[in-house]
1. Across the stretch 14-23, in residue order, what do the Karplus-derived ³J(HN,Hα) couplings come to in whole Hz, using 6.51 cos²θ - 1.76 cosθ + 1.60 with θ = phi - 60° and x for Gly and Pro?
2. Hey, what do the phi angles of the stretch 58-64 turn into as Karplus ³J(HN,Hα) couplings, whole Hz, using 6.51/-1.76/1.60 and θ = phi - 60°, x for Gly and Pro?
3. Within the stretch 26-66, find all residues whose amide N lies under 15 Å from a label point positioned 7 Å from the Cα of N82 along Cα-to-beta-carbon.
4. When the Karplus curve 6.51 cos²θ - 1.76 cosθ + 1.60 is applied with θ = phi - 60°, which whole-Hz ³J(HN,Hα) does each residue of the stretch 100-108 get, with x for Gly and Pro?
5. Which far-off residues, 5 or more places away or on another chain, put their amide H under 5 Å from the one on K85, with H placed in the peptide plane?
6. Provide the descending list of Cα extents for the stretch 53-123 along its principal axes, expressed in whole angstroms.
7. Please identify every one of the GluC sites (Glu not before Pro) in the stretch 30-123 that sits in a loop by DSSP and has no more than 12 other beta carbons within 10 Å of its own beta carbon.
8. If I model a spin label as a point 7 Å beyond the Cα along the Cα-Cβ vector, how far apart are those points for V102 and S29 in nm?
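The values are calculated or read from the model by the stated rules, or taken from the named source; none is laboratory data. None of the values given here were measured: they were computed from a predicted structure. Ideal geometry is used to build each Cβ from the backbone, glycine not excepted, and the neighbour counts take in all protein chains shown. Note: areas computed on protein heavy atoms with side chains; ligands, DNA, RNA excluded. Shrake-Rupley method; radii C 1.70, N 1.55, O 1.52, S 1.80 Å.
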Amino acid sequence: QLQASGGGLVQAEDPLRLSCAASGHTFSSYAMGWFRQAPGKEREIAAAISQSGDSTYYADSVKGRFTISRDNSRNTVYLQMNSLKPEDTAVYYCAASRFTGVAVTTPLLYNYWGQGTLVTVSS
């Protein structure tokens, strides 16, 4: 089970950190990802991280502003979001994939999804 938290209403250029806590004892065996879905748009990958954390991926739209990290001892993955823009407004979902060794970018390869947390960025 994945529980995302940390969303809220912020102003443009503000930072925000999302957390996703996983239950169970096998968190370290899953690649993790953060996806987002804006109103009227399809779900898209924002960032992903491999099981060990040594491989990461960022969408071009967030590169240089967002940082994904994980703490396997706490069964938690984070998404640090800096310099937020109104176009970052979306529901953010964390997800877990059994694929090993890489940061997984394809939604179909994810096995478990969290419930989503809303991020609203005002201009």
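1. 6, x, 7, 10, 9, 10, 9, 9, 10, 8
2. 9, 5, 4, 5, 10, 4, x
3. Flagged as within label range: 62-66.
4. Once θ is set to phi - 60°, the couplings for the stretch 100-108 become 10, x, 9, 7, 8, 10, 8, x, 5 Hz.
5. Hits under the 5 Å cutoff: E13.
6. Rounded to whole Å, the extents work out to 39, 25, 24 Å.
7. E42
8. Modelled inter-label distance: 2.1 nm.
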